[in-house]
1. At 7 Å along the Cα-to-beta-carbon direction for both K87 and E63, put a label point, then send me their distance in nm to one decimal.
2. In whole angstrom, how long is each semi-axis of the equivalent ellipsoid of the chain, when you take the square root of 5 times every eigenvalue of its Cα gyration tensor and sort them from largest down?
3. Given Cβ point charges of +1 (Lys, Arg) and -1 (Asp, Glu) and nothing else, what value in debye, to the nearest 20, does the dipole of the chain about its Cα centre take?
4. Suppose R0 equals 35 Å. What FRET efficiency, 1/(1 + (r/R0)^6) with r the Cβ-Cβ distance, do R71 and D48 give to the nearest 0.05?
5. Quick one: order H4, H14 from most to least accessible surface, probe 1.4 Å.
6. How many percent of the accessible area of the chain is carbon or sulfur, using a 1.4 Å probe?
7. Hey, can you find the accessible area per residue of segment 1-56 for me, probe 1.4 Å, expressed in square angstrom?
8. Could you give each residue of segment 98-111 its phi-based ³J(HN,Hα) in whole Hz, using Karplus coefficients 6.51, -1.76, 1.60 with θ = phi - 60°, and x for Gly or Pro?
Amino acid sequence: HMLHVDWDGKNGWHAPAIKPFGDMAISPASMCLHYAVQCFEGMKAYKDAQGKIRLFRPDCNMERLNTSMDRLYLPQFEPEALISCIKELVKLDERWIPEGDGFSMYLRPTAMALDPFLGLQMANQCKIFVFTSPVGPYYAEGFKPIKLYADDKNVRAWPGGVGASKVGGNYGPTISPQIG
């Protein structure tokens, strides 16, 4: 399933809806595609030893999503209301929560500007959506030391930049240093 919450400058946030997982139709001129006016979070749900569903620090994820949205001048949302909607989504997809150490359900809250406008401006149409996916341990070999590479040519974050925000533009350019 997917959670959808739309926003527009005239009416504000619309009623949230949970729909079957599927593709979304957006204009090829949407601001999120041309100017990277989009951001996201990575959350996890898991089952505890008693089989009860738990969200891992959803308040922190909502705070960071709102901070990222603020950096892009996307509208703020009420964190507790979105957490309540996410809980309903997780209940519907409970069968997708794998059990075992290091396994969880990954949740991807995403916000994007949908204005079909070629030109950079403050968004007047926005969508938040959340989908789920079962995941295993982040590192297949467990929690062991990893190698890190410090690079003085390819910089992801800098003072005054958007390194503290989870915007797509921070991640795409990191493919080249990883492969090269």
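The values are calculated or read from the model by the stated rules, or taken from the named source; none is laboratory data. The structure presented is a predicted model; accordingly, all values stated were derived computationally and were not measured. Because the Cβ atoms are built from the backbone with ideal geometry, glycine has one as well, and the counts that use them run over all protein chains shown. Heavy atoms of the whole protein, side chains included, go into the accessibility calculation; ligands, DNA and RNA do not. Shrake-Rupley method; radii C 1.70, N 1.55, O 1.52, S 1.80 Å.
1. Result for the modelled spin labels: 1.9 nm.
2. The equivalent ellipsoid of the chain has semi-axes of 27, 25, 14 Å.
3. 260 debye
4. That pair, R71 with D48, gives E of 0.55.
5. Descending accessible area places them as H14, H4.
6. Within the chain, the accessible surface is 57 percent carbon and sulfur.
7. About 60 Å² of surface per residue is accessible.
8. Per residue, the Karplus-derived 3J(HN,Hα) values read x, 10, x, 4, x, 9, 6, 9, 8, 10, 10, x, 9, 10 Hz.
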